[in-house]
Structures are given as structure tokens and as C-alpha cells.
Amino acid sequence: MENSIKDRIMSAAEEYLQANGMTAAELCRRAGISPSYYSVAASGKYTYQNTEIRDAFFHKLADVIGQHPDTTYWQHADTAQYIQMTNTLAEARQRCESRMILGETGCGKTYAIDRFCVKNPIGVYRITVNDCDTLRDVLAELVKLLRIDTKAKNGSLLRVICEALRERAMRGEQPILIFDEVENLKRTGIKAIKAVYDGVRHVVPVVLVGTPEFGVALQNLKNKGVKGMAQFIRRFKAGQTALAPIDRRYLAFMAQIKDEELRQLLSRIADNYGELHDYMERAVREAEELGEPLNVEIFREMYNIKIS
């Protein structure tokens, strides 16, 4: 990475700290980078104790502050889903009301959360759930995000977490809890979120983000008589937001594609915004390296797509 790019990232990082009233130590913690490296880099030097600071340091920092050092081949677009997501998150935080946002795979839910976190670095606590997470895993992630020093177990730990969130709210931090990819939640994880919701109700909003399958799964658990599911559904039912279906013409992203035949091909083969991103980012980069405008012939050759 060229020093000019490193300079730009470090300058943007300092502006980010000032704009958000954040300390360098907190920024380093969020980015997962060394404060010692940051201190040296902030002075315009990119060698620490005779060792060059690796590019990974700058990439991690750039991700947190939203300052991407590389050429961007994917242009942001205010899709209907992005607008719904950001408006719902902002409204939930402002009104201190919990929400459940459900939208199809690849419609940009995680992307919108990423940008919301960059714009609101203080008080936004986001957990991405995976299908291997247990109750303890969810609680451990909350403890890590809140920087709680405790050896409490499960039930006691829930009370410690809720107390920490309430304290932050009383200090004016306006915290919000966002759980992404909740379709991966196990029963114990669902119950943990219910307990947290009850512990911070009217003080800290809890936002669940996932696919429509999560709503179906909740209803099935309720129909089976699983304890607590009816109460869980009731807590989020009134605040549920269904994201608009993806417009698979992808008009918002087609401005850089002049070849009408390629536009039509992309609309046929890309099932969602995520797939469109993967196809287009590689294709636009390839065309730029060739020094040619992107067209359907280059695209078909890249992906070995036969003419049908």
C-alpha cells in the first residue's frame, strides 16, 4: 500500500475521532488493531520498532471508519431496502422502541447495518449470530461489546449485561442493540434476547434483523407450544418491518453498465444484490485492467457463460 493511501486513512481516522468524540483507544478496540501501531502511524511514520506496519492494519482501520483505500468497483445505491433499513434503525433508536426487520437474502440488510455502525460509532452494539452460537456465546459477545469485567454465569450475567446497558442509557449514550442474521438463533438464544429485552425495555431498543424464515420458525415454535415463544412474538410483533422485495431489474446499479444486453443478462443470472455485487465487482475490475468498456462479450468470457 502506498504511503499516500496510508496518509489518507490516518487523516480520515483523526477526523473520525473528532467528529464522533471517540478516543483512539476505543477506535483501536473496535478495529482490532494495536494502539501502539496507531500512535506511530498517526504521527506519519509507518514503521514500529524497525518493523513495517502491515497493510492489514490500515485495511482494518479503514473498514471501521468507512474510508476504503482501494478502488471501489461497486457503487452505493439508496435501494428501497437500504432506505427502509436505515430509517427503521434510526427510528428505533430515537424512539427507544424495539423492532424486527425481515427481508430476503441478499437484499442488503447487513450492508445497511455496516453503514449505520460507521455513521453511529458510539452506543451501537451489533451482534451477528451464526448457527453454531449457544446461549453462552451470545452472552459472551455482549460482554465483549460492553467491555464488562465479570465472571458471572448465565442468569447473573444477563442481569449484569442489562445493568450495564441501563447505565449507558442514563449517561446519555443512547445505546441500541442490533442482532443480525437472527434466523440462526437457537431456542436458548431466543430466550436470552427475550430476557435482555425485558431487562432494558423502554431504556434500550433491541432490533432483530433476519430473513422471513425467522418469522416462520417463531410461529412454528409457538404452535408447538414451546415455552416463551408466544411472549417473544408479542414483544416484537407490533414493531415488525417487512422489507420490500428486490427489484431484479437492478436499475439503481446499472448506470455504469452501458451494454443493454449485459444488463439483461445480469438481471437473469443474479438472484439478489449480493450476487449482483459479486458479478459486477470482478467484471468491472477486469474490464478496467483490459482498458475496455465492460460489455456482454467480456462478461460471458469471464464467467464461461454460453449464448443460449
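For Ala230 and Asn50, what is the calculated FRET efficiency with R₀ set at 41 Å and r taken between the beta-carbons, to the nearest 0.05?
0.05
Please list, in chain and number order, the residues 5+ apart from Thr241 or on another chain whose amide H is under 5 Å from its amide H, with Hs placed from the backbone.
Hits under the 5 Å cutoff: Met100, Ile101, Leu102.
Given [x] 42, 20, 19; [y] 47, 37, 18; [z] 36, 30, 16 as candidate values of semi-axes √(5λ) of the Cα gyration tensor in Å, which corresponds to the one derived from the coordinates?
This structure yields the entry labelled [z].
Please compute the net charge surrounding Pro212, taking Lys and Arg as +1 and Asp and Glu as -1 over other residues with Cβ under 10 Å from its Cβ.
Around Pro212, the surrounding residues sum to -3.
Using a simple charge model, +1 on the beta-carbon of Lys and Arg, -1 on the beta-carbon of Asp and Glu, nothing else, what dipole does segment 23-115 show about its Cα centre, in debye to the nearest 20?
280 debye
Run the dipole for the chain about the Cα centre, Lys and Arg Cβ at +1, Asp and Glu Cβ at -1, nothing else charged, and hand back the magnitude in debye, nearest 20.
Roughly 2120 debye, rounded to the nearest 20.
Can you give me the distance in nm between label points at Met302 and Lys186, each placed 7 Å from the Cα along the Cα-to-Cβ direction?
So the label points at Met302 and Lys186 sit 4.1 nm apart.
R0 = 45 Å: FRET efficiency of Lys144 with Leu290, Cβ-based, nearest 0.05?
The value I calculate is 0.50.
At a Förster radius of 25 Å, what calculated FRET efficiency corresponds to the Cβ-Cβ distance of Asp198 and Thr110, to the nearest 0.05?
According to the calculation, E is roughly 0.40.
Relative contact order for the chain: what is it in percent, counting Cα pairs under 8 Å that are at least 6 residues apart?
Reported as a whole number, the value is 20 percent.
Of all accessible surface on segment 82-194 at a 1.4 Å probe, what whole percent is carbon and sulfur?
That share works out to 48 percent.
Which one of Leu89, Gln231, Ile101 has its Cα pushed farthest toward the positive end of the charge dipole of the chain, where Lys and Arg give +1 and Asp and Glu give -1 at the Cβ?
Gln231
The values are calculated or read from the model by the stated rules, or taken from the named source; none is laboratory data. If you're wondering where the values come from, they're calculated on a predicted model, not measured in any experiment. Positions of Cβ are backbone-derived with ideal geometry, glycine not excepted, and every protein chain shown enters the neighbour counts. The accessibility values were calculated without ligands, DNA or RNA, using every heavy atom of the protein model including side chains. Shrake-Rupley method; radii C 1.70, N 1.55, O 1.52, S 1.80 Å.
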